[in-house]
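Have a look at the structure below before the remarks.
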Amino acid sequence: MLEPMMYVGGAYKHSQLIELVEDLGGYILQKNIMQSEVVLLMLVPINDIPMVETKSKELLGKLTRAPLTGSEIATVAPTLAYHHLPHLDCDVAEFLRKQGAKTNMVGLARGVGKRICQLTAFERDLINEHDVAVFILGNYEHCIIEKSKKLYEGIEIPIVVTGAPELKTEDVPNATAYVGSFGRILHHLRHAEELRTLDKLAQVIGKVLDDVRVEIAKDPPSVAPPRIKKEIEENIAEIIDNLHPLPITLQMNGVRVKLPYEEYHEQIENIKFVEGVTMKEVARVLPSKMRNFILIKALPKSETGFSI
Amino acid sequence: MEQLETFIVECPDVTGAKTTRSLILDTLSDLSLSRVIERLKVYMDPVEPVFIFAALLRLGSPSIKIKDFAKVDMGALGKDEVKIEVEKEMFTIKLLNKLWAKYGKENIEQPDRKVIIVKTDPIKDLDMLRELVVEEPQQEVLDRLIDAIALRIIPEGFRVRKHELSTTHVLFVASEDTLKPEWLAKGQEILESLRREENA
């Protein structure tokens, strides 16, 4: 079992920590160097965390659990109009990104109104490719409840809803979790109170993702998503020159590869692991709804009978 | 002059009213409109659903014409030109832009900081140029106001709308469903109450 962790510390000697994590069988997912500071997002084997902690103390850095690491989250706004953007939606997406998640913003075509709101089939499929969907709704209790009754139709991933009133999750139909004190805010979220609300949202999403992890652990994937990422990085040279943000985006039970499906899917399917199996035996390589990218979903152990 | 002498948001949903209030304040300050609105009353009922926005306005100065800040005369004798002598340089840039758009850059000369020569028939264009509107502060403010109310404040789903707009007041009634006559009447009533307050 791998634990998502975040290390924040000085750039000096941070490579020692990277080496330690890699030697322990963990994965470095992201490395951001900002001037003299470095932020590492990594997956560490749960039993070896004390060792990594000791090392990070030695380097005078800070090691925290970052439950959002390695997940892809869709932040969904009813439309891409002034009513929702740039504030709030971007603030939420940015904040979750700082916590280690990869966020994609989705603006619906006809998501407005409590009676007239709709979700198109394409939007539904696109949102379903993520791990969690965060719906950023407005000010009024009645509207949030009415809208929730039908807007999330067909969405199979956990749904986190935000809005102004303080509601209980049970009161919001079809929602996995609800976070209040948001609403339609047209200024940059920077007051202490607002930042605390964002913290709460990250915490709630972390909890939702932890539940997903528990669910996945019951029937673990045949190959861990970070392993898929590592193999693609080693086997497909073009990924290095790819200019998309996070060319290989980790998800809870797969990865999104930002390369054209038609050209690369066979190459990826035929990647051979040292254990002797090929990618197509342990994962499904599918065309993604996002542009012409590739979506890889790891097969569960119950289906393949083994895990590597 | 106080900013926003009356500012009431009426809504059965208390949290909703509070957030609506803050979003109106944010929008008005974003578009620097807080000095334009004198009294403002919003009625919102998400269950019906209806959104009424009524405000009394305090618009700035009326439109500015060339004759208000410059002397417009015939140019040199025997030439087809009009001479504009600018007295307040503040408007020169806007004036030049207007003239360039109208006559083309090749027909406008500026031999001196405060002198602009327009190559055109003075007999035909002199009076027209005197009356040419260079700046319309009121219209600009109204444009911004419409942007604020229609595109930012009224909930997006409320697409059925009726509005009244003049230089002294603005009234928007919006809903997701067909507008009911009683909502329109309520809008008028709110506007009247604002007027009564002002006259009191």
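I'd like the distance between the alpha-carbon centres of region A:1-41 and region A:62-91, rounded to an integer number of Å.
23 Å
Give me the distance between the Cα centres of region A:129-147 and region A:169-223, rounded to whole Å.
Result: 12 Å between the Cα centres.
Could you work out, residue by residue across B:13-26, how many beta carbons of other chains sit within 10 Å of that residue's beta carbon, and then give the average as an integer?
That works out to 6 on average.
Take the alpha carbon gyration tensor of region B:64-135, find the square roots of its eigenvalues, order them as a ≥ b ≥ c, and report rounded if a/c is under 1.5; if not, report prolate when a/b exceeds b/c, else oblate.
Rounded shape, in that the Cα axes give a/c under 1.5.
Where in chain A are the DSSP H helices whose C-alpha atoms run 20 Å or more along the long axis and whose mean Kyte hydropathy is at least -1.0?
For chain A, where a helix must reach 20 Å along its axis and average at least -1.0, the hits are A:192-218.
From Cα pairs below 8 angstrom and at least 6 apart in sequence, can you work out the relative contact order of region A:94-194, rounded to a whole percent?
22 percent
Run the reach check for B:Lys114 against lysines, Cα to Cα strictly under 24 Å, same-chain hits fewer than 8 apart removed. What comes back?
Within the straight-line limit of under 24 Å, B:Lys114 reaches these lysines: B:Lys65, B:Lys67, B:Lys71, B:Lys79, B:Lys83, B:Lys88, B:Lys94, B:Lys98, B:Lys102, B:Lys105, B:Lys124.
Per residue of chain A, what 222 nm ellipticity follows from adding -39500 (n - 2.57) for every DSSP H run with n ≥ 4, rounded to the nearest 500?
After summing the helix terms and dividing by residue count, I get -10000 deg cm²/dmol.
Which whole-Hz couplings ³J(HN,Hα) result when phi for each residue of region B:138-149 is put into the Karplus expression 6.51 cos²θ - 1.76 cosθ + 1.60, θ = phi - 60°, listed in order with x for Gly and Pro?
Values, residue by residue: 5, 5, 4, 5, 5, 4, 5, 5, 5, 4, 5, 6 Hz.
Can you tell me how chain A classifies by the Cα gyration tensor, rounded, prolate or oblate, using a/c under 1.5 as the rounded cut?
Oblate.
Taking the Kirkwood radius as the inverse of the mean 1/r across Cα pairs, report the Rg/Rh of chain B.
With Rg and the Kirkwood Rh in hand, the quotient comes to 1.17.
Specify whether the C-alpha gyration tensor of region A:260-308 places it in the rounded, prolate or oblate class, a ≥ b ≥ c being the square roots of the eigenvalues: rounded for a/c under 1.5, otherwise prolate if a/b is larger than b/c and oblate if not.
Since a/c reaches 1.5 but b/c is at least a/b, the shape of region A:260-308 is classed as oblate.
In degrees between 0 and 90, to the nearest 10, how far off the longest principal axis of chain B does helix B:181-199 point, with axes built from Cα atoms?
Helix B:181-199 sits roughly 70 degrees off the main axis of chain B.
Please give the Cα centre distance for region B:93-138 versus region B:2-42, rounded to the nearest Å.
Going from one Cα centre to the other spans 41 Å.
Tell me which residues come under 5 Å, amide H to amide H, from B:Lys65 once H is placed; ignore anything under 5 positions away on its chain.
For B:Lys65, the qualifying residues are B:Val134.
Which percent, to the nearest 5, of DSSP beta bridges fully inside the protein assembly as shown are antiparallel?
Given both bridge residues lie in the protein assembly as shown, the antiparallel proportion sits at roughly 75 percent.
Taking 24 Å as the cut-off for C-alpha to C-alpha distance, list the pairs among A:Lys149/A:Lys258; A:Lys55/A:Lys200; A:Lys13/A:Lys62; A:Lys98/A:Lys301; A:Lys218/A:Lys272 that go past it.
A:Lys149/A:Lys258; A:Lys55/A:Lys200; A:Lys98/A:Lys301; A:Lys218/A:Lys272
Using only helices, what value at 222 nm comes out for chain B when you add -39,500 (n - 2.57) per DSSP H run of length 4 or more and divide by the total residues, to the nearest 500 deg cm²/dmol?
Taking each H run of at least 4 residues, the total per residue is -11000 deg cm²/dmol.
Every number here is computed from the coordinates shown, using simple stated rules; none is lab data. Being a predicted model, the structure only gives us computed values, none of them experimental. With ideal geometry, Cβ positions are generated from the backbone for all residues, glycine too; neighbour counts draw on all protein chains shown.
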